[in-house]
Each structure stands twice: as structure tokens, then as C-alpha cells.
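Step one of this worksheet: look at the structure below.
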Amino acid sequence: MTTLRLGDTAPDFIQESSTGLIHFHKWLGDSWGVLFSHPADYTPVCTTELGATAKLADEFKKRNVKVIALSIDPVASHLGWIKDINETQSTEVNFPILADADKKVSTLYDLIHPNASTTATVRSVFVIDPAKKIRLTFTYPASTGRNFNEILRAIDSLQLTEYYSVATPADWKDGDDVVIVPSIVDPEVLKSKFPKGFNAIKPYLRITPQPNK
């Protein structure tokens, strides 16, 4: 299996889930997507992660993002686990959990890293755009829970930089200043694109207010 890279088309699949059969690309439609994997059902870190994701439902919705989780256990196990998540995390799981017992999706997305575990999936995240292209990936070990506020921050950056000629600096969050991409040098284009003006600290480092605020 070739490792998936940024810009690759996210592999399509048809797989059972806690909410029924999922045809992935059709399910995504014209939304952005987050696919994230879990080592197994009834594990403590995963339980907190899925609870955190459920609590952020409104944040994902306003960004036009659909969320889908994956675990290699079957549907019946997922349904029991969801009850535990809802009870212990004081929320309602409101997104599908893929039942990847045959490891079909895990293989497509290279989620089993044999030197870490020969059976359990690592904690990978894929952010996928409406064109079904992979725009961001990151992978944590099984023991380290993910920061879902960071996933939202990264999506904010991806969506902003998709439509404006800017990039986001270190520790940026929505509403902060951004940097103008170095490829724009024409003064008239700069004036047109950035009517709020900018501060040229260096010729290649030009700071401007977030253009869509």
C-alpha cells in the first residue's frame, strides 16, 4: 500500500457503519470531510475523543464538514460503545463510526503500522476537501489523544487559504492576521486583493488582516 500524500484523491469505499452502509464519496457530497481512526472500541482515549467530536457538532456543521470515525470492530460493538460514550461524555454521538472488521478501509488509508501494532490502527486524521482531495493528514500513537480544536483550526486555515491569496502563520487562529503569499508582487494586484493594507516586515514577509473578516 502506497502512503497517501497531500493532494491525492481520498480512496473511495463502501463499508458498514453505526448508521448504515456508507458509500464514502457519495456520503461526502459537496462537503469537506474528516476521517479519523481509532485503535479499537471500548478504549479510554477513543471514548474521550469521540465525545469531544460529538460536542463540536455545531462547529463542524458551520464549516460544512462531515465527520466520520473508523474502528476495526463490528457494528454491534460500535452501538454498545456509543451508549457508553454518550453516558460517560455527556453527549450524543451524531456521526457514523465505520465498522472496519475486514480492515478494508484501514488498508486503503494505511492505518495499520506494523512496527507500532500488527492489529490496531493508529490515530490518523485525514481532512478531505469537496473535490475529494486529501488536504491534511496527521498521525498520533495509540496512547496520545488528539486535539480536536487543532483540527478545527487547521480546517479554518485550509478554507481561508483556499479562497484568498494568503497563508496562516504559526499559532494562527481565526481572526488573527495572516501573511500574503510571496508570489503576489504586482502593486495593483496587492492593492486590489488587500484593501485593508499590509505591513511589509521583509519583502517576503507581509502581514495583513484576515481578508474575510
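Looking only at region 184-192, decide whether some residue is of a type in the set (Asp, Glu), farther than 29 Å from residue 81 by Cβ and surrounded by fewer than 16 Cβ atoms within 10 Å (Cβ to Cβ). Scanning region 184-192 turns up at least one residue that is of a type in the set (Asp, Glu), farther than 29 Å from residue 81 by Cβ and surrounded by fewer than 16 Cβ atoms within 10 Å (Cβ to Cβ). With respect to residue 122, determine if the residue is in contact with a His (Cβ under 6 Å, 6 or more places away or on another chain) and either farther than 23 Å from residue 7 by Cα or at pLDDT below 95 (or both). So residue 122 passes the test. Looking only at residues of region 24-46 that are surrounded by fewer than 21 Cβ atoms within 10 Å (Cβ to Cβ) and of a type in the set (S, T, N, Q), we find that the one that is nearest to the chain's Cα centre (by Cα) is 31. In the set 162, 188, only one residue is modelled with pLDDT under 95 and closer than 30 Å to residue 147 by Cα; that residue is 162. Does any residue of region 72-86 turn out to be touching a helix residue (DSSP H, G or I) at 6+ places or on another chain (Cβ under 7 Å) and either under 21 Å from residue 158 (Cα atoms) or in contact (Cβ under 8 Å) with a residue 60 or more places away in the chain (or both)? No, because not a single residue in region 72-86 is touching a helix residue (DSSP H, G or I) at 6+ places or on another chain (Cβ under 7 Å) and either under 21 Å from residue 158 (Cα atoms) or in contact (Cβ under 8 Å) with a residue 60 or more places away in the chain (or both). Say whether the condition of being without any contact (Cβ under 8 Å) to a residue 60 or more places away in the chain, within 24 Å of the chain's Cα centre (by Cα) and closer than 23 Å to residue 61 by Cβ is met by at least one residue in region 194-211. Yes: one or more hits. Within region 144-163, work out how many residues are in a loop (DSSP other than H, G, I, E, B) and not charged (D, E, K, R). Of the residues in region 144-163, 3 are in a loop (DSSP other than H, G, I, E, B) and not charged (D, E, K, R). For region 1-54, filtering for residues that are of a type in the set (Lys, Arg) and either closer than 17 Å to residue 93 by Cβ or in contact (Cβ under 8 Å) with a residue 60 or more places away in the chain (or both) leaves 1. Of all the numbered requirements in (1) without any contact (Cβ under 8 Å) to a residue 60 or more places away in the chain; (2) part of a loop (DSSP other than H, G, I, E, B); (3) in the same structural domain as residue 71 (by TED's automatic domain parsing), residue 138 misses one, and that requirement is (2).
The values are calculated or read from the model by the stated rules, or taken from the named source; none is laboratory data. Everything numeric in this text was worked out from a predicted model, so none of it was measured. Virtual Cβ from ideal backbone geometry, glycine too; neighbours counted across all protein chains shown.
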